[in-house]
Each structure stands twice: as C-alpha cells, then as structure tokens.
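The structure appears below as structure tokens.
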Amino acid sequence: MSDSDLSALRERAARGDNDAIGELIELAAEREDFDELRQLADGGSRDAEDQLVELAAEKEDLDELRRLASAGNTDAAEVLAELTG
C-alpha cells in the first residue's frame, strides 16, 4: 500500500468509516505497528485495543501489557499475569 493510499485510509478512519478502521487495524497488526494500534484504540476502537493486547502478548511486551492493564484492560492484565506468573 502506498503512502498516499495509507493517508487516504487514515482520513476515512478519522471520519468514522468502520471499514477503514478495520483495514487500518489489520495493516497495523501485520506491520506490528504499536503506535497506529494505540492511536486507534485511543480513538475508541475496542478491536484495535484487542489487537494491541494480542500483539503485545506475542512479543512478550510487558511494558505495553502493563500500560493497558493499568488503563483497565482486563485481557491485558490476564495475559500479563500469565507471562509473569
């Protein structure tokens, strides 16, 4: 995907296009782009937050899991407990 295509997709997502948001989540997960997933999750996407937990778990990124858990994400807290317990 070109930079201009990605920019257009982000613009659609910013306007609330759920298909664009889903596509961005998928692309971010493939690229292991924590920043993009965080932005989408901070924008209210539960799917992005779920993907962020999954990616952090795969990478054993304890700092990210702690951040998510401290923000109230119970899935992140459970994964963190599994990885550190």
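The values are calculated or read from the model by the stated rules, or taken from the named source; none is laboratory data. Keep in mind that this is a model prediction, so the values were computed, not measured. With ideal geometry, Cβ positions are generated from the backbone for all residues, glycine too; neighbour counts draw on all protein chains shown.
Among the residues of segment 76-85, those that are farther than 21 Å from ILE25 by Cα and part of a helix (DSSP H, G or I) comprise ALA77, GLU78, LEU80, ALA81, GLU82, LEU83, THR84.
Evaluate the following for VAL53: is it modelled with pLDDT of 95 or more, of a type in the set (A, V, I, L, M) and more than 12 Å from the chain's Cα centre (by Cα)? It would help to see each step written out before you state the result.
On the way: modelled with pLDDT of 95 or more: yes; of a type in the set (A, V, I, L, M): yes; more than 12 Å from the chain's Cα centre (by Cα): no.
Spelling it out, it is not the case that VAL53 is modelled with pLDDT of 95 or more, of a type in the set (A, V, I, L, M) and more than 12 Å from the chain's Cα centre (by Cα).
When ALA14 is tested against (1) small (Gly, Ala, Ser); (2) modelled with pLDDT under 95; (3) surrounded by 14 or more Cβ atoms within 10 Å (Cβ to Cβ), exactly one condition is not met: (3).
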